[in-house]
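Peer 1: Before anything else, here's the structure in question.
The values are calculated or read from the model by the stated rules, or taken from the named source; none is laboratory data. Computed from a predicted model, the values in this text were never measured in an experiment. Glycine gets a Cβ as well: all are built from the backbone with ideal geometry, and neighbour counts include every protein chain shown. Accessible surface areas use protein heavy atoms only, side chains included; no ligands, DNA or RNA. Shrake-Rupley method; radii C 1.70, N 1.55, O 1.52, S 1.80 Å.
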Amino acid sequence: MNMKPMFPERGPAFWLTGLAATVSAGTIGLLFVSLVVESVPVFKAEGVSFLWGTDWFAGESYGALPMIYGSLMVTGLALVMVLPFALGSAILTSEFLSGRARLIVKAAMELLAGVPGILYGLMGIALLAVWVRDLFGLIDGNTLFTAGVLLAVMILPTVMTLAEDALRAVPGETRDTALSLGLTRIETVMQVVVPQALPGLAGAVFLGLGRAMGETIAVMLVIGGIDRIPQPWFDLFAPGQNIPSKIGREAAEALGFDVQWSALIALGLVLFLMVMTLTTAGNFLIGKAR
Amino acid sequence: MNPRLWKERTTVFILYGLTGCGGLVLAVILTTVIMKGAPALSGEFLFEESRNFGLEGGIFYQMIGTLILMVGAAMVCLPVALGSVLFQTEFLHSSKLKKMFRFLIYSLNAVPTIIFGLIGYLFFGVLLEAGVSWVTGVLILAVMILPTLHVSIHEAVESIPDHYREAGLALGLSPGQQMRAVILPQSVYGIVTGTLLGLARAAGETAAIMFTATAFSGVRLPQSWNEPVTTLQTHILVLSQEAANPAALTHAWGAGLVLLTLVLFLISVTLWMRTGMEMEAER
C-alpha cells in the first residue's frame with residue numbers, strides 16, 4: 001500500500017477537479033499577493049510612516065493610524081461586551097439544558113448568525129445611535145462605542161455556538177468522575193469542564209473577534225466616519241473610523257489606480273493581516289481542543 | 001442554607017440571566033424588523049419599481065437584482081467547489097497536503113468581505129473589463145461563498161461509508177466513474193445544503209458589492225453583461241443614510257423585512273434538512 005503513487009490515474013476527471021482545486025486553493029494566495037503588490041505605491045509615497053501617520057487627506061497625505069486605532073478599539077469593546085453573555089449562555093446551553101432545548105437554542109443561533117449585516121446597520125443607525133445619544137447626552141450618537149455595541153450583538157451567535165461546541169467536546173466521563181467525587185454541578189462545570197475546554201473557548205473568541213474586525217457595513221453606518229483619534233485616546237463616545245469603514249466609504253470615489261486607491265488597498269492589507277492572525281490562532285486552538 | 005447549594009443556585013440563576021439578556025436582544029432585533037417592516041409591505045411595494053430615489057414606489061427590481069447576484073454566484077461557485085472537494089478527497093492522499101488545503105479554505109472563509117470587493121474589482125472589473133457590473137458582482141460573490149459550499153460538500157463526501165467506495169473499486173470503476181456512480185449521488189444532501197447556505201450568504205452581503213456591482217437609482221434589468229444592477233442590500237444602505245427622513249426609513253425597513261425573510265428561509269431549509277438527516281442516521 002505504501003507504494004501507491006500520489007495520483008493514481010490522470011484521466012479527465014483528474015484534470016477537471018484538479019483545475020477546480022487549483023482555483024479554490026490559489027485564490028487566497030492571489031488575494032494576498034494582489035494586496036501586497038497594489039499597496040506598493042502608497043508605501044513608496046509615504047514610506048512606512050503610512051502605518052503611524054495620523055493625517056489622511058485624499059490626494060495629499062495618507063496615515064493609517066486613526067483607522068488601525070478604531071479597528072482595535074471597537075473590536076476590543078465588542079470583546080468585553082460579548083464575553084459574559086456568550087460564555088454564560090454557552091455554559092447554560094451545554095451543561096444545563098435538555099437535549100431538545102439545546103437543539104432549539106442552537107438552531108436559533110444559526111439563524112441569527114445569518115442575519116445580514118445591513119440589517120444590523122439599519123437597526124444601529126435608526127435605533128441604537130439614537131438611544132446612545134439620548135442616554136449619554138451626546139450631540140451625535142454615531143460613536144466608537146455605538147459601533148462596539150453593535151459588533152458585540154452581531155458576533156454573539158457566532159461566539160456562543162463555537163464556545164458551546166468547545167464545551168460539548170469535553171467527554172462526559174470527565175463530568176461523571178467529578179460528580180461522583182461529590183462536586184456540585186456548577187463546581188464540576190467551573191472547576192473541571194471549563195478549564196479543559198479553555199483552548200476551544202479561546203478559539204471561539206478569536207474567531208468571533210476576527211469576524212468583528214472585518215465587519216464593514218453595519219459599522220460603517222454608526223461609527224461616525226471621522227479619521228481622528230479622540231482626545232483623550234480612551235474617549236469611546238467620540239466619532240471615529242475603522243479600517244473596513246474607511247475602505248467602504250472611499251472605495252467608490254477612488255476606484256482606479258492612483259495613490260488613494262493604493263492607500264485603501266494598503267489598509268486592506270493591514271486588516272487582512274490582523275484578521276488572519278486572529279483566525280489562524282482561533283482555528284489552531286479549536287483544532288487543538290479536538 | 002448549605003453555602004455550596006446556595007452558590008450553585010445563584011450561579012445557575014446568573015447563567016439564566018445572561019442567556020436571557022442575550023436572547024432578549026436577539027428577539028428584539030427580529031421583532032423590530034418585522035414590526036417596522038410589515039407596515040411598508042403591500043402589493044405595490046413588492047411589484048412596482050422604486051421612484052423618487054426610493055422614497056416612493058416599491059422594490060421590484062431590487063429583489064430581482066439580489067436574486068440575479070445570489071443565483072449567479074451559486075451557479076459559478078458550485079462546479080468549482082464540487083471539483084475542488086472531489087480532487088481533495090479522491091486524488092489527494094497525503095494528509096499534509098489535505099491539511100494545507102483545509103487551512104487555505106478556512107483562511108479564505110475569514111477574509112473580510114470588503115477585501116473581496118477591493119481585489120475582486122481589480123481582477124473582474126479592471127482586468128476582465130466588466131467594470132461596475134452585475135458580472136463583477138456575481139464573480140466576487142462566487143469567490144466569497146466558495147468556502148461555505150466547500151466545507152459543506154466536503155463534510156458530506158467524507159461521511160460516505162468506506163464500504164460504498166470499496167464496492168465501487170471492486171467493480172473496477174475508474175475515479176471518474178466512481179465519482180459519478182457513488183460519490184455524487186451519496187453527497188447530494190451536502191451539495192444542496194451547502195448551496196442554500198451559500199445563497200443565503202450571498203443574499204446578505206453588502207460590502208463586497210456596494211462599489212463593484214450596483215447603482216442606486218435609474219436601474220432596472222441589466223441589458224448587457226457590463227451594466228450594474230440594483231439590490232435590496234444596497235437599497236437599504238442608501239436609504240438608511242437618510243435616517244432623518246421617515247419615508248426613507250419606512251422603505252428601508254420594508255426592504256429589510258423582505259431580505260430577512262429570504263435569508264432566514266434559506267437557512268431554515270438547511271437546518272430542517274440537516275436535522276432530518278441526523279434523525280435518519282440515528283435510526
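Peer 1: Between A:LEU16, A:LEU51, A:LEU271, whose Cα lies farthest towards the positive end of the dipole of chain A when Lys and Arg beta carbons carry +1 and Asp and Glu beta carbons carry -1, centred on the Cα centre?
Peer 2: After comparing all options, I get A:LEU16.
Peer 1: Of the chymotrypsin sites (Phe, Trp or Tyr not before Pro) in the range A:51-81, which ones lie in a loop per DSSP and count no more than 11 other C-beta atoms within 10 Å?
Peer 2: Details: sites: A:TRP52, A:TRP56, A:PHE57, A:TYR62, A:TYR69; in loops: A:TRP52, A:TRP56, A:TYR62.
Sparse-neighbourhood loop chymotrypsin sites (Phe, Trp or Tyr not before Pro): A:TRP52.
Peer 1: Please average, across the residues of B:119-126, the number of beta carbons from any other chain that are within 10 Å of each residue's own beta carbon, and give a whole number.
Peer 2: Going residue by residue through B:119-126 and averaging, the value is 4.
Peer 1: Evaluate the relative contact order of chain B (contact order divided by residue number), counting alpha-carbon pairs under 8 angstrom at least 6 apart; express in whole percent.
Peer 2: 26
Peer 1: Continuing with the same structure: Suppose every K and R has +1 on its Cβ and every D and E has -1 on its Cβ; what is the size of the dipole of the protein assembly as shown about the Cα centre, in Debye to the nearest 20?
Peer 2: Its charge dipole is roughly 1380 debye.
Peer 1: Return the calculated 222 nm mean residue ellipticity for the protein assembly as shown, to the nearest 500 deg cm²/dmol, obtained by summing -39500 (n - 2.57) across DSSP H runs with n ≥ 4 and dividing by the residue count.
Peer 2: That calculation yields -22500 deg cm²/dmol at 222 nm.
Peer 1: Along the charge dipole of the protein assembly as shown, Cβ charges K/R +1 and D/E -1, which of A:GLY76, A:LEU144, B:GLY117 sits furthest on the positive end?
Peer 2: The residue sitting most towards the positive pole is A:GLY76.
Peer 1: Summarise the partner chain shielding of A:241-248 as one whole number: the mean count of Cβ atoms from other chains within 10 Å of each residue's Cβ.
Peer 2: 3
Peer 1: Chymotrypsin sites (Phe, Trp or Tyr not before Pro) within the range A:107-186: which are DSSP loop residues with at most 16 other Cβ atoms inside 10 Å?
Peer 2: none
Peer 1: Ok, one more. Quickly rank B:175-182, A:269-276 as a protection proxy: mean count of other C-beta atoms within 10 Å, highest first.
Peer 2: My ranking of the peptides, most packed first, is A:269-276, B:175-182.
Peer 1: Oh, and also: Could you work out what % of the accessible surface of the range B:169-283 is carbon and sulfur, using a 1.4 angstrom probe and leaving DNA, RNA and ligands out of the count?
Peer 2: 63
Peer 1: List every DSSP H helix in chain A whose Cα atoms extend 27 Å or more along the helix's own long axis and whose mean Kyte-Doolittle hydropathy is at least -1.0.
Peer 2: Working: long enough: A:12-38 (36 Å, 1.56); A:65-91 (38 Å, 1.86); A:144-168 (35 Å, 1.52); A:194-214 (30 Å, 1.06); A:259-289 (45 Å, 1.58).
Passing helices, by number: A:12-38, A:65-91, A:144-168, A:194-214, A:259-289.
Peer 1: Something else: Please give the average number of partner chain Cβ atoms lying within 10 Å of the Cβ of each residue in B:203-211, rounded to a whole number. Before the final figure, lay out the partial values.
Peer 2: Working: counts 2, 7, 5, 10, 14, 2, 0, 7, 9.
Mean shielding by partner chains, rounded to a whole number: 6.
Peer 1: Based on Cβ point charges of +1 for Lys and Arg and -1 for Asp and Glu, what charge dipole magnitude is obtained for the range B:9-160 about its Cα centre, in debye rounded to the nearest 20?
Peer 2: Charge dipole of the range B:9-160: 720 debye, to the nearest 20.
Peer 1: Let me ask something additional. Please say if the range A:16-170 is rounded, prolate or oblate, where rounded means a/c under 1.5 for a ≥ b ≥ c the square roots of the C-alpha gyration tensor eigenvalues, and otherwise the choice is prolate for a/b larger than b/c and oblate otherwise? Show your work: numbers first, answer last.
Peer 2: Numbers: a/c = 2.50, a/b = 1.27, b/c = 1.97.
Oblate shape, in that a/c is at least 1.5 and b/c is the bigger or equal ratio.
Peer 1: Could you tell me which of the pairs A:LYS246/A:LYS288; A:LYS288/B:LYS96; A:LYS288/B:LYS98 are separated by over 24 angstrom between their Cα atoms in the structure shown?
Peer 2: A:LYS246/A:LYS288
Peer 1: Is any helix in chain B, taking whole DSSP H runs, at least 15 angstrom long along its axis by alpha carbon and on average at least -0.5 on the Kyte-Doolittle scale, and which ones?
Peer 2: Correct list, ordered by number: B:3-37, B:60-86, B:95-110, B:134-158, B:188-204, B:246-282.
Peer 1: Same structure, new question: Quick one: net charge of A:THR177's neighbours, Cβ under 14 Å, K/R +1, D/E -1?
Peer 2: Values: positive: A:ARG175, A:ARG185; negative: A:GLU173, A:ASP176, A:GLU187.
Residues near A:THR177 contribute -1 overall.
Peer 1: Where does the longest stretch of chain A lie that holds no GluC sites (Glu not before Pro) found in a DSSP loop with 13 or fewer other Cβ atoms within 10 Å?
Peer 2: The answer is A:61-290.
Peer 1: In addition: So what's the net charge close to A:VAL149: Lys and Arg +1, Asp and Glu -1, counting the other residues with Cβ under 14 Å from its Cβ? Working shown, then result.
Peer 2: Numbers: positive: A:ARG133; negative: A:GLU215.
Around A:VAL149, the charge tally is 0.
Peer 1: Let me know the charge dipole size of chain A about its Cα centre in debye, to the nearest 20, where only the beta-carbon of Lys, Arg (+1) and Asp, Glu (-1) is charged.
Peer 2: Value, rounded to 20: 900 debye.
Peer 1: Hey, in the GNM for chain A with a 10 angstrom Cα cutoff, which one of A:TRP15, A:TRP261, A:TRP233 fluctuates hardest?
Peer 2: Result for chain A, Cα springs under 10 Å: A:TRP15 fluctuates most.
Peer 1: Sticking with this structure for a sec: Given axes a ≥ b ≥ c from the Cα gyration tensor, I'd like to know whether the protein assembly as shown is rounded (a/c under 1.5), prolate (a/b larger than b/c) or oblate. Display every interim value, and only then the final one.
Peer 2: Values: a/c = 1.44, a/b = 1.09, b/c = 1.33.
Since a/c stays below 1.5, the shape of the protein assembly as shown is classed as rounded.
Peer 1: If R₀ is 25 angstrom, what is the calculated FRET efficiency for the pair B:GLU49 and B:GLU129, using the beta carbon separation as r and rounding to 0.05?
Peer 2: Values: r = 29 Å, r/R0 = 1.15.
Step by step, r from the Cβ atoms, then E = 0.30.
Peer 1: Additional query: For chain B, modelled as a Gaussian network with Cα springs under 10 Å, which listed residue fluctuates most, B:GLU56, B:GLU166, B:GLU205?
Peer 2: For chain B, modelled as a Gaussian network with Cα springs under 10 Å, the answer is B:GLU166.
Peer 1: So, for the protein assembly as shown, what is the accessible surface per residue at a probe of 1.4 Å, expressed in square angstrom?
Peer 2: I get 44 Å² per residue for the protein assembly as shown.
Peer 1: Along the three principal axes, how long is chain A when you take its alpha carbons, biggest first, rounded to the nearest angstrom?
Peer 2: So the three principal-axis extents are 69, 67, 31 Å.
Peer 1: Still on this structure: Taking Cα centroids, how far is the range A:197-275 from the range B:32-53 in Å?
Peer 2: Measuring centre to centre over Cα atoms gives 32 Å.
Peer 1: Something else about it: On a straight-distance basis, which aspartates and glutamates could pair with B:LYS99 in a cross-link, Cα separation under 16 angstrom, same-chain partners fewer than 8 positions away excluded?
Peer 2: Correct list for B:LYS99: B:GLU90, B:GLU155, B:GLU158.
Peer 1: Once you put a point 7 Å from the Cα of B:ASN245 and another 7 Å from the Cα of B:MET35, both along the Cβ direction, what distance in nm separates them?
Peer 2: Placing both labels 7 Å along Cα→Cβ, they lie 2.6 nm apart.
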